[in-house]
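Undergrad: So that we are looking at the same thing, I have put the structure below in structure tokens.
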Amino acid sequence: MTTDESTAARPLVYAHRGSSEAFAEHTRAAYLQAIADGADGVECDIHLTRDQHAVLLHDANLDRTSDGTGPVADRTLEQLHQLDFSSWKGARIPDKYGARSTQLLTLPELLVLLRTAGREIGLAIELKHPSPFQLKLEDRVLAVLRAEGWDPGTSRLGNIRVSFMSFSPDSVKHLLKSVPAFAVCQLVDDVNAEEIREELGLGALTGGALANVMKAAQTEAERILDDCEAGLAGPGIDYVRGHSRTIRRWLNSGRRFRVWTVDSENDVALCRQLGVHEITTNRPAQVLAQLTAGSPSLR
């Protein structure tokens, strides 16, 4: 049985920031584990350093996932290499996955790991906004990929299938100027003003203003998917549960679906029941095992 035949009957499984349940997100260890787990693809978030290197980090600030502090954009790549990006997880990194000092990855370094996977593998790149570099973030990432041999027409780089994602409608529209629609994913999720205020430590007025901006972006993101401008729809699993009629309409329109972050057995079963094409998860080995064995009934 070929790889295409073996995966045709189940959703593809993308490792969210690598196998991030096992090792610190976005680290060399997390991505090497995802490859070892048999993930069909991996997902990463991109920020730019002060000297314009594309680094794999989710947050705009360093505080949560390193022993540093402050904005990523204020540091050079050399300065970031002085920080520890793995110890916060509390997971011992096997020697075969590299030293602690090698765990931070740039986009080209991730490509090296994926090229050596020995099989076809997907790479889903999320462009993180708001960015102090605005749409120069997209331009820089595309330039890095072109320098590595990426073909814009097929969105392939050797054995790697490359796709792009963002919550920002402006980012998606910008990407669509030079990337085929089938490789562009509009992410969407509901906006909760209270959660935004708490997460960012904002007051009611500032938090409310930011929530309004984000709600306007969500409305435009939904329009992009309604009008089939992006070939991939990327709703969060909570959005899938809360907007069943919209989800079915988008599925019926031919959108390819990539749902995040799907970790529980019931959510995996729901995605399979709906006909979701791609599942993004922190625990790819377990999700693959469930999909291979067959999904349990929804309770």
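Read the figures in this text as sums done on the coordinates, not as results from a lab. As the structure is a computational prediction, the values presented were derived from the model and not from experiment. Quick reminder, even Gly has a Cβ in these numbers, built from the backbone with ideal geometry, and neighbours come from all protein chains shown.
Undergrad: With label points built 7 Å along Cα→Cβ from the Cα atoms of Ala143 and Asn212, find their separation and express it in nm.
TA: 3.6
Undergrad: Per residue of the range 166-180, what does 6.51 cos²θ - 1.76 cosθ + 1.60 with θ = phi - 60° give for ³J(HN,Hα)? Whole Hz please, x for Gly and Pro, Karplus curve as stated.
TA: So the Karplus estimates, Gly and Pro as x, are 6, 6, 7, x, 4, 4, 4, 4, 5, 4, 5, 6, 9, 10, x Hz.
Undergrad: If I take R0 = 25 Å and measure r between the Cβ atoms of Lys96 and Thr292 in this structure, what FRET efficiency does the formula 1/(1 + (r/R0)^6) give, to the nearest 0.05?
TA: Working: r = 25 Å, r/R0 = 1.02.
The calculated FRET efficiency here is 0.45.
Undergrad: Would you be so kind as to identify which of Leu77, Phe164, Gln134 lies farthest towards the positive end of the dipole of the chain, taking Lys and Arg as +1 and Asp and Glu as -1 on Cβ and the Cα centre as origin?
TA: Farthest along the dipole direction, towards plus: Phe164.
Undergrad: Here is a follow-up. Can you give the helix-only mean residue ellipticity at 222 nm for the chain, where every DSSP H stretch with n ≥ 4 adds -39500 (n - 2.57) and the sum goes over all residues, rounded to the nearest 500 deg cm²/dmol?
TA: Values: 12 runs with 114 residues, N = 299.
Counting only the DSSP helices, I get -11000 deg cm²/dmol.
Undergrad: Classify the chain: rounded, prolate or oblate, from the alpha-carbon gyration tensor (a ≥ b ≥ c, eigenvalue square roots; a/c under 1.5 rounded; otherwise prolate if a/b is larger than b/c)? Mind showing how you got there, number by number?
TA: Details: a/c = 1.31, a/b = 1.07, b/c = 1.23.
Here the chain falls in the rounded category.
Undergrad: Where a ≥ b ≥ c are the square roots of the eigenvalues of the C-alpha gyration tensor, would you call the range 59-211 rounded, which needs a/c under 1.5, or, failing that, prolate if a/b is larger than b/c, or oblate?
TA: oblate
Undergrad: Okay, next question. In what sequence do Lys96, Lys136 fall when counting other Cβ within 10 Å, fewest first?
TA: On the way: Lys96 8, Lys136 13.
By the 10 Å Cβ count, ascending, the order reads Lys96, Lys136.
Undergrad: In nm, to one decimal, how far is the Asp170 label point from the Arg119 one, both placed 7 Å along Cα→Cβ?
TA: For Asp170 paired with Arg119, the spin-label model returns 4.1 nm.
Undergrad: Could you give the length gained by full extension between Leu135 and Ala60, i.e. 0.36 nm per residue of separation minus their alpha carbon distance, to one decimal place?
TA: Full extension of this stretch gives 25.5 nm more.
Undergrad: Too long at a 28 Å Cα-Cα cut-off: which of Lys177/Lys215; Lys136/Lys215; Lys96/Lys136?
TA: Long pairs (Cα-Cα over 28 Å): Lys96/Lys136.
Undergrad: Tell me, what HN-Hα J-couplings in whole Hz come from the Karplus equation 6.51 cos²θ - 1.76 cosθ + 1.60 at θ = phi - 60° for each residue of the range 60-68, using x for Gly and Pro?
TA: So the Karplus estimates, Gly and Pro as x, are 6, 10, 8, 4, 6, 10, 7, 8, x Hz.
Undergrad: Lys89: which lysines have alpha carbons under 26 Å from its alpha carbon, excluding same-chain residues fewer than 8 sequence positions away?
TA: Cross-link targets: Lys128.
Undergrad: Separate question: Okay, which of the range 96-126 sit inside 11 Å, backbone N to the point 7 Å along the Cα-Cβ direction of Gln82?
TA: Under 11 Å, as judged by backbone N against the label point of Gln82, lies no residue of the range 96-126.
Undergrad: Considering only DSSP beta bridges where both residues belong to the chain, give the percentage that are antiparallel (nearest 5). Write down the numbers at each step before the final one.
TA: On the way: 8 of 39 bridges.
Approximately 20 percent, going by the DSSP bridge assignments.
Undergrad: I need the shape label for the range 60-141. Rule: rounded when a/c is under 1.5, else prolate if a/b > b/c, else oblate, with a, b, c from the alpha carbon gyration tensor.
TA: Numbers: a/c = 2.11, a/b = 1.09, b/c = 1.94.
Because a/c hits 1.5 or more and a/b fails to exceed b/c, the range 60-141 counts as oblate.
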